[in-house]
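First comes the structure, then the notes that go with it.
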Amino acid sequence: MKPADFALLVAVCLFWALNLVITRWTVTAGDVPPLFFAAVRVTLLAAVLAPFLLPAPRQIGMMFLIAMGMAGIHFGLLFLGLATSTAGVAAVIGQLGVPFTTILSIVFLKEQIGIYRTVGILLAFAGVIIIVADPDQFTFTIGAIYLVGAAMVGAIANILMKRIDPMPAMRLQAWIGLFSIVPLALMSLVWETGQADAYAALDWRVYAASIFAVLGVSIFAHGSFYRLIKQYEVTLLSPLTLMTPVMGVALGVVMLGESVTWQMVLGGIMALAGVGIIGVRRNRRFPEAPVGDKISQ
């Protein structure tokens, strides 16, 4: 990989990690209702990328389902998870999208896997269980359940991407944003209160977080990653994207004062090792499987 492209990938991973930390701060210390913040993000995304909406996708129904998996339902679960869990835990659990996508490719795309990817899948899930389970009661926090759900729906959307005509990254992001506005707004209306008043009363950091999520993550990070996917083998990119959870844990400690437990260290090493094993083994039916879920950050 060219040094400039590696530097770009590091920046992309840093932006993804920062996004988790900033979102965590916004929905906790910033007191912004998580579903409402997700609705604000997709509304701004659709507005900024409106010039890229045309021509409309031919498979409009499939595009709606993909939007729900990459933003509508995914963001709702992710932001709810971040409201009740730490950014570090979210960064690691988010990597479950890789084994989930591999499992779905086995079921729906008839992909065949060998012993290495099987071990990788088992390691990834075992590592996450160690992180989120209470060793005394073996119970899971609701935040962890939300985060696992977000990874799962992102993986489903990743598989659905195989069934839609290819399109430029910005057009894809524009339609994802447009289709996600109403579902997220309705979910916020039903389950949250005082959204607009809370948002209007906040300081500049919350507005900066909204702008960063759209311009920094959805446009710069995702757009740059699409370009790198076209230039380099997935088996090279996938292990390198594991910088994201490592950065997420570190930034959570530095910026939010989150603690790191032995469970998180041990489980994180196991989970990331499993994801790394999956990433370096080629998927014949779905070559982009190990990295496709990254665009739903």
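Only the coordinates and a few stated rules stand behind these numbers; no lab work does. Quick caveat: nothing in here was measured; it's all calculated off a predicted structure. Cβ placement follows ideal geometry from the backbone for every residue including glycine, while neighbour counts extend to all protein chains displayed.
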Fill in: Full-stretch length increase - K230, M62 - with 0.36 nm per residue and alpha-carbon distance subtracted
58.2 nm
Worksheet, complete the sentence: Treating only Lys and Arg (+1) and Asp and Glu (-1) as charged, each at its beta carbon, one finds that the chain has a dipole about its Cα centre, in Debye to the nearest 20, of 1140
Discussion item. I'd like to compare 198-207, 115-124: which one has the highest average count of other Cβ atoms within 10 Å, and what's the full order after that?
Written reply: 115-124, 198-207
Item to complete: Mind jotting down the three principal axis lengths of the stretch 3-296 based on Cα atoms? Whole angstrom, largest first.
Response: 54, 52, 39
Worksheet item: What residues of the stretch 206-221 lie in the reach of a label at M243, counting those whose backbone N is under 14 Å from a point 7 Å from the Cα along Cα→Cβ?
Response: 221
Response to the item:
In whole Hz, the Karplus estimates of ³J(HN,Hα) for the stretch 160-165 (6.51, -1.76, 1.60; θ = phi - 60°; x where Gly or Pro) are 4, 4, 5, 9, 10, 4
Worksheet item: Could the peptides 23-31, 157-165, 92-100 be put in order, highest first, of the mean number of other beta-carbon atoms found within 10 Å of their residues?
Response: 92-100, 23-31, 157-165
Practice prompt. Would you mind calculating the relative contact order of the stretch 3-296 from Cα pairs under 8 angstrom and at least 6 residues apart, reporting the percent as a whole number?
Written response: 40
